[in-house]
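A.B. asks: The structure's right below; bear with me while I get my questions together.
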Amino acid sequence: AQKAFDNLSWQFLIQQVEIMGFGSKFKKMIGAIYSNQEARVIINGETTENFRIMKGVRQGCPMSPLLFILTMEVLLNQIRQRKEIIGLKSKQEEYKVQAFADDLVFFVEDPMESGTYLIQELEEYGVVAGLKIN
């Protein structure tokens, strides 16, 4: 996804933390970090007015990669469960996708057929998560 860590929707992140059943302290902490935030930028020595930040995980925060992966799990589960996406089979396991942070590798039997459904899943996820394919 294009600048995935910079564009992840906070609303989607907070929603996933709720859905996945994390404890109230954790949810409160994430809510404090990822809501009602503002920033200013210095350009040519001049400071801009405050502007709201509503997307992206924080650079340098040790939790950022984990939070991003937590939201990616939504997409990965959709792909795994989609019957029209036929993965490679090994014994009784079927492998469809492997994720490495914001990079995905797909293992499908018929890329032309499964590709249509993969792109559909990626686009639907992108709408709710605030991400785009690159």
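A.B. asks: Residue check, Asn50 against (1) closer than 16 Å to Lys132 by Cα; (2) modelled with pLDDT of 95 or more, all met but one. Which one?
C.D. replies: (1)
A.B. asks: Output the residue which, of all residues in the range 91-134 that are assigned to a strand (DSSP E or B) and of a type in the set (Phe, Trp, Tyr), is surrounded by the most Cβ atoms within 10 Å (Cβ to Cβ).
C.D. replies: So, considering only residues that are assigned to a strand (DSSP E or B) and of a type in the set (Phe, Trp, Tyr), the one surrounded by the most Cβ atoms within 10 Å (Cβ to Cβ) is Phe106.
A.B. asks: Something else about it: What are the residues in the range 88-103 that are at negative phi and in contact (Cβ under 8 Å) with a residue 24 or more places away in the chain, if any?
C.D. replies: The answer is Ala99, Asp102.
A.B. asks: Still on this structure: For the range 8-30, give me each residue that is in a helix (DSSP H, G or I) and under 17 Å from the mean Cα position of the chain (by Cα).
C.D. replies: Matches in the range 8-30: Trp10, Gln11, Phe12, Leu13, Ile14, Gln15, Gln16, Val17, Glu18, Ile19, Ile30.
A.B. asks: Given the residues Ser90, Ser64, which is the only one that is hydroxyl-bearing (Ser, Thr, Tyr) and under 21 Å from Lys3 (Cβ atoms)?
C.D. replies: Answer to the check: Ser64.
A.B. asks: I'm told Glu84 meets every condition in (1) surrounded by 13 or more Cβ atoms within 10 Å (Cβ to Cβ); (2) within 23 Å of Leu122 (Cβ to Cβ) except one. Can you identify the failing condition by its number?
C.D. replies: (1)
A.B. asks: Looking only at residues in the range 1-52 that are in contact with a Lys or Arg (Cβ under 8 Å, 6 or more places away or on another chain) and of a type in the set (Phe, Trp, Tyr), which one is surrounded by the fewest Cβ atoms within 10 Å (Cβ to Cβ)?
C.D. replies: Phe51
A.B. asks: Cβ-Cβ below 9 Å, separation at least six or inter-chain, first residue in the range 18-29 and in contact (Cβ under 8 Å) with a residue 24 or more places away in the chain, second surrounded by 10 or more Cβ atoms within 10 Å (Cβ to Cβ) and of a type outside the set (Lys, Arg): which pairs?
C.D. replies: Met20/Leu70; Met20/Glu73
A.B. asks: Filter the range 53-81 for residues that are surrounded by fewer than 16 Cβ atoms within 10 Å (Cβ to Cβ) and part of a loop (DSSP other than H, G, I, E, B); which is modelled with the lowest pLDDT?
C.D. replies: Out of the qualifying residues, it is Gln59.
A.B. asks: Report whether or not Leu88 is among the aliphatic types (A, V, I, L, M), over 24 Å from Leu131 (Cα atoms), over 11 Å from the mean Cα position of the chain (by Cα) and outside any helix (DSSP H, G or I).
C.D. replies: Taking the combined requirement at face value, the residue satisfies it.
A.B. asks: Would you mind finding the one in Lys132, Lys91 that is over 19 Å from Leu13 (Cβ atoms) and of a type in the set (Lys, Arg)?
C.D. replies: Lys91
The values are calculated or read from the model by the stated rules, or taken from the named source; none is laboratory data. Just so it is clear, the model here is predicted, and its values are computed rather than measured. Here the Cβ is made from the backbone with ideal geometry for all residues, glycine too, and neighbour counts use every protein chain on show.
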